[in-house]
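A.B. asks: So that we are looking at the same thing, I have put the structure below in structure tokens.
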Amino acid sequence: MKYTKVEEKQVITQVVTGDLSTFEMVFRDYYKPLVRYGNTFLKDSDEAEDVVQQVFVSLWEKRTEWEVHTSIRAVLYKAVQNACLNKLKHLKVRHAYAEDLKAATIPGEVSDPVQVNELNERIQQALESMPEQCGRIFKMSRFEQLRYQEIADQLGLSVKTVENQMGKALKIVREELKDYLPLLILFFSQTL
């Protein structure tokens, strides 16, 4: 949606002061076009949706710091572009790290049984710290290798709910096992 200069200043002021209905209006006006724009970078509409949602969450959380020198549209598109480029850079680094790790170890083996036991204990602790449904969905995805649609069908949930629960589960796992990332990569590559 195109706003006039006066409308734009008014919208910005209302968002900065915490007017949720104005923020929702901006969200509705720009969400779909921003997802399409993000998808041009990421080539994955689900990832693009996640990025755009995160941009809006960040915008709301930092609304008092929001400075718009051009237009709302320009700020939102630039924020989505930067977030997509950061995501791509992060994925590239993660992929390179995983490849380096694979090359540095015997393929398919975590040889130290103490490390394996320690990792298994930490994974179990992470699973136990998850809410029940979240843990169940994580196990079905990672250990039973079910797709999100299959999990949703079995549990009578929407695919979006499964995706959200997996996001929460992965966040918990990342936090709980941050000291074990190299082993975790090998562990999950062995279970797949």
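The values are calculated or read from the model by the stated rules, or taken from the named source; none is laboratory data. The model shown is predicted, which means the values in this text are computed figures rather than measured ones. Virtual Cβ from ideal backbone geometry, glycine too; neighbours counted across all protein chains shown. When the accessible area is computed, the model is the full protein with side chains, heavy atoms only, and any ligands, DNA or RNA have been set aside. Shrake-Rupley method; radii C 1.70, N 1.55, O 1.52, S 1.80 Å.
A.B. asks: Taking the Cα centre of region 25-78 as the origin and placing charges on Cβ (Lys, Arg +1; Asp, Glu -1), which of Leu34, Phe56, Val68 is farthest toward the positive end of the dipole?
C.D. replies: Ranked along the dipole, the leading option is Val68.
A.B. asks: Which order do you get for Asp29, Asp50, Asp153 if you rank them by accessible area with a 1.4 Å probe, largest at the top?
C.D. replies: Output order, biggest surface exposure first: Asp153, Asp50, Asp29.
A.B. asks: Tell me, what is the 1.4 Å probe accessible area of Phe41, in Å² to the nearest 10?
C.D. replies: 60 Å²
A.B. asks: How compact and how long is region 117-181, expressed as Rg and Dmax of its alpha-carbon atoms in Å?
C.D. replies: Cα radius of gyration and Dmax of region 117-181 are 11.8, 35 Å respectively.
A.B. asks: Now a separate question. So for the pair Lys43, Leu91, with labels modelled 7 Å out along Cα→Cβ, what separation do we get in nm?
C.D. replies: About 0.8 nm separates the two model spin labels.
A.B. asks: Expressed in whole Å with the largest first, what are the equivalent ellipsoid semi-axes of region 34-99 derived from the C-alpha gyration tensor as the square root of 5 times each eigenvalue?
C.D. replies: 24, 13, 10
A.B. asks: First measure r as the distance between the Cβ atoms of Lys32 and Val57, then evaluate 1/(1 + (r/R0)^6) with R0 = 22 Å and state the FRET efficiency to the nearest 0.05.
C.D. replies: FRET efficiency, Lys32 to Val57: 0.80.
A.B. asks: In region 1-100, which trypsin sites (Lys or Arg not before Pro) fall in coil by DSSP and have 10 or fewer other Cβ atoms within 10 Å?
C.D. replies: Here the sparse-neighbourhood loop sites are Lys2, Lys43, Lys62.
A.B. asks: If I stretch the segment between Leu20 and Gln149 completely, what's the gain in nm (0.36 nm per residue apart, minus their alpha carbon distance), one decimal?
C.D. replies: Extra length from Leu20 to Gln149 when fully extended: 43.1 nm.
A.B. asks: Could you compute how fast region 1-63 diffuses translationally, taking Rh as the Kirkwood radius over C-alpha pairs and applying Stokes-Einstein at 4 °C with viscosity 1.567 mPa s? Give it in µm² per second.
C.D. replies: Value of D from the Cα-based Kirkwood radius: 105 µm²/s.
A.B. asks: Next up: In nm, give the distance between the simple-model label positions of Glu67 and Ser158, each being 7 Å from the Cα along the Cα-to-Cβ direction.
C.D. replies: If labels sit at Glu67 and Ser158, their model points lie 3.9 nm apart.
A.B. asks: Okay, next question. Kindly flag which residue pairs out of Lys87/Lys171; Lys62/Lys178; Lys139/Lys171; Lys43/Lys89; Lys62/Lys171; Lys32/Lys78 have an alpha-carbon separation exceeding 18 Å in this structure.
C.D. replies: Exceeds cut-off: Lys62/Lys178; Lys62/Lys171.
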